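Just below is one structure, and these are the notes that go with it.
The values are calculated or read from the model by the stated rules, or taken from the named source; none is laboratory data. Since this is a predicted model, take the numbers as computed values, not measurements. Counting neighbours? That spans all protein chains shown, and the Cβs are built from the backbone with ideal geometry, glycine included. The accessibility values were calculated without ligands, DNA or RNA, using every heavy atom of the protein model including side chains. Shrake-Rupley method; radii C 1.70, N 1.55, O 1.52, S 1.80 Å.
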Amino acid sequence: AMTDALREQIKTLSEGGYRVLLFAHSDNMPPEVEGGALPEDIVPVALVRITDCIRKEAPATLKYFAEQDVDIRIISGDSPVTVSGVAQRAGLEHYENYVDASTLTTDEELWEAADKYKIFGRVTPYQKLELVKALKAKGHTVAMTGDGVNDAPALKKADVGVAMGITGTQVSKDAASMILT
């Protein structure tokens, strides 16, 4: 069972920018878990922390953008706490200003959040597109970077869509207006 100490350890790791996997064991584990229901006798065995490598030039790039009055948003499907921790390590200003997009249940809430927050976690592909639309509707020129299929609609809608050449999917490259190589 999850103890308060284990929850606190996971929270601390997440705030440090780590993705955290919890491995657990049960003698009563069914072949398939339905509806997220886990057995009562589940016992935590190990925590694995995974981190994103931050490019060495990232802090200087973020500083340059800040000096040019570029207002950065990070939009991710990952936990907002984890994304905030990575952003802090990369040197992003206002890294603590984040929201869990799964709590934004209407388009109106999402559009209002577009100007309010700097980091969006647990974002769906639909929400990525809506955030781009919201920022454009509010008079911003929007550049979007992405590398996955889920990024393609937002890349296409942005004023400038930037796909990642090495790691990007063909779909993201096709939707983008430029590709970084």
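For the reader, a short list of remarks on this structure follows.
- Nearest 10 degrees, 0 to 90: helix 125-137 Cα axis against the chain principal axis: 30
- In segment 90-146, the GluC sites (Glu not before Pro) that fall in loop regions by DSSP, at most 16 other Cβ within 10 Å: E93, E96
- Size of charge dipole - segment 1-141 - debye, nearest 20, with Cβ of Lys, Arg +1 and Asp, Glu -1, no other charges: 680
- Rolling a 1.4 Å probe across the protein heavy atoms gives the chain an accessible surface of 63 Å² per residue.
- Loop-located GluC sites (Glu not before Pro) across segment 1-81 with a Cβ neighbour count of 12 or fewer within 10 Å are E32, E34, E40, E57, with loop assigned by DSSP.
- Counting charges near I10 (Lys, Arg +1; Asp, Glu -1) among other residues having Cβ under 15 Å from its Cβ returns a value of 0.
- For segment 89-181, the list of trypsin sites (Lys or Arg not before Pro) that fall in a loop by DSSP and count at most 14 other C-beta atoms within 10 angstrom reads K138.
- Over the residues of the chain, the helix contribution to mean residue ellipticity at 222 nm works out to -11000 deg cm²/dmol, using -39500 (n - 2.57) for each DSSP H run of at least 4.
- Amide H contacts under 5 Å for G17, placed H, 5+ residues apart: G85, V86
- Per-atom-type breakdown for segment 1-127 gives carbon and sulfur 54% of the accessible area (1.4 Å probe, protein chains only).
- 3J(HN,Hα) couplings calculated from phi for segment 46-54 with the Karplus curve 6.51 cos²θ - 1.76 cosθ + 1.60 (θ = phi - 60°) are, in sequence order, 7, 10, 10, 9, 10, 10, 7, 7, 9 Hz; Gly and Pro show x.
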